[in-house]
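Read the structure below first, then the notes.
The values are calculated or read from the model by the stated rules, or taken from the named source; none is laboratory data. Fair warning: this is a prediction, and the values are worked out from it, not measured in the lab. Positions of Cβ are generated from backbone atoms using ideal geometry, with glycine treated the same way; all protein chains shown enter the neighbour counts.
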Amino acid sequence: MINDRLALLRDYPFRRLNGLLKDVEPPRDVEPLVMSIGEPQHPYPDFVTEQLTKHAGLWSKYPPTNGTSEFRTAVKDWITRRYSLPPDIIEADRHVLPVAGTREALFAVALLAVPTTKQRMRPTVLIPDPFYQIYSGAAIMAGAEPVYVPTTEETGFLPDFLALPADQLERAALAYLCSPSNPQGAVASLNQLKAYVRLARDLDFILATDECYCEIYCGAPPPGIIEACATDDGHLRNVIAFHSLSKRSNVPGLRSGFVVGDSDLIMDFARLRQYTGGASPGPILAAATSLWKDEAHVKANRALYRDKFSDAEKIIGSHPHFYRPDGGFYLWLKVGDGEETARRLWASAGVKVMPGAYLSREGGNPPGAAYIRLALVHDRSKTTEALTRLATHIQE
Ligand SMILES: Cc1ncc(COP(=O)(O)O)c(C=O)c1O
């Protein structure tokens, strides 16, 4: 008999979207444009291919779970530079572990963090809602009770864990936080991050901070959770951050990222991952190492997103609910009924968007239901074309 928790996993958003649009035909005279998926289409640097070729001999080696010291050092140097950390707060060998994309690591962290019971009761996992769907799948498969914490305009699109009933909060074994957030692009301030860390320590849960959009922003660089720890008491206790090359370097197919944080957690994570697998192959680690060392392509990438957000502001900025996010590459637009709007946009404009409801919890009136999410991942001209078509078809 298979694991009965599997039945509790709902269909992934893209499948639900296919279902929603299955009897809807886009117009025949326009190229269909897909803005529903956050898969970066900007170019990645040529040296990725060069590194993969140069290290091709490593395809015949089993890679070590904790990667190479070159990789861990490049990551340490990057994170120290990026967040202006004191030089010795991150030790490459104690605090850093490569992962095969953050998706698998965000799932696996629940297996690491959720004990059989907490305070003799079923543990909870706190999840900002709307959310990256892996968080809830991970909570469910780890046997925890997922607790969805609304992130709305009123909360600045960030979760207010303290607003939860004490019973749910005290049983928390793990809390996910996403900053810049998918889908709203909200960025937690350094003080907010510090408050989240203190709460995690007070209640002894693990704070898993998903920072995979941290290099895509229009104004100031988003602060990070390790920076919050460094500028507070200097400890990384209870904290683990997730970073990825998928969005930073436009290589979602490379499947490469890392986790960084509390050295005890990292040690336990490495132990768990010896069983779950997911070690990054040698050639991929070599390419990833060179990407973490390079900032030029990241700056160019960010500039391209900035231009596209400026285009978006010009094209649909007059929409009453348009706002330019602090980070990430999504537009999160309140349209009234996200599902109905998605169907209409596909039928009349040939533009595929994600209804916010599919990124929220099920039932009741989920916080995402009134929204659509648009990923600005195509080149500038395609994005302009999609937004121009959209402008004539959206209503409040
Ligand atoms: C919020 C968030 N976290 C994590 C990921 C996973 O990225 P990857 O597994 O490519 O590192 C994504 C991908 O879309 C995401 O949107």
Out of region 337-391, which residues are in contact with a Lys or Arg (Cβ under 6 Å, 6 or more places away or on another chain), more than 18 Å from R15 (Cβ to Cβ) and crowded, with 22+ Cβ neighbours inside 10 Å? A349, V351, Y371, L376, T383
Breaking point among (1) closer than 14 Å to S280 by Cβ; (2) within 16 Å of the ligand (Cβ to nearest atom); (3) not hydrophobic (A, V, I, L, M, F, W, C), for H55: (2)
Every residue in region 243-262 that is touching a residue at least 60 places away in the same chain (Cβ under 8 Å), within 14 Å of V377 (Cβ to Cβ) and either surrounded by fewer than 24 Cβ atoms within 10 Å (Cβ to Cβ) or more than 9 Å from the ligand (Cβ to nearest atom) (or both), please. S246, S249, N250, V251, P252
Unmet criterion (only one of (1) at positive phi; (2) within 16 Å of the ligand (Cβ to nearest atom); (3) not small (G, A, S)) for Y213: (1)
Could you grab me the full set of residues in region 22-52 that are within 16 Å of the ligand (Cβ to nearest atom) and assigned to a loop (DSSP other than H, G, I, E, B)? M35, S36, I37, G38, E39, P40, Q41, H42, Y44
What are the residues in region 301-354 that are outside any loop (DSSP other than H, G, I, E, B), more than 19 Å from H42 (Cβ to Cβ) and of a type in the set (A, V, I, L, M), if any? I315, I316, L333, A342, L345, A347, A349, V351, M354
Restricting to region 223-242, give me the number of residues that are buried (at least 23 other Cβ atoms within 10 Å of the Cβ) and away from the ligand (no atom under 13 Å from the Cβ). 9
R94 being under 19 Å from G224 (Cβ atoms), in a helix (DSSP H, G or I) and in contact (Cβ under 8 Å) with a residue 40 or more places away in the chain: yes
Filtered residue count, region 339-363, keeping only those that are closer than 22 Å to E31 by Cα, small (G, A, S) and under 23 Å from the mean Cα position of the chain (by Cα): 1
In region 42-53, what count of residues is obtained for those that are surrounded by 15 or more Cβ atoms within 10 Å (Cβ to Cβ) and over 13 Å from A296 (Cβ atoms)? 4
Collect the residues in region 355-368 that are modelled with pLDDT of 95 or more, out of contact with any strand residue (DSSP E or B) (no Cβ under 8 Å at 6 or more places or on another chain) and assigned to a loop (DSSP other than H, G, I, E, B), keeping them in residue-number order. none
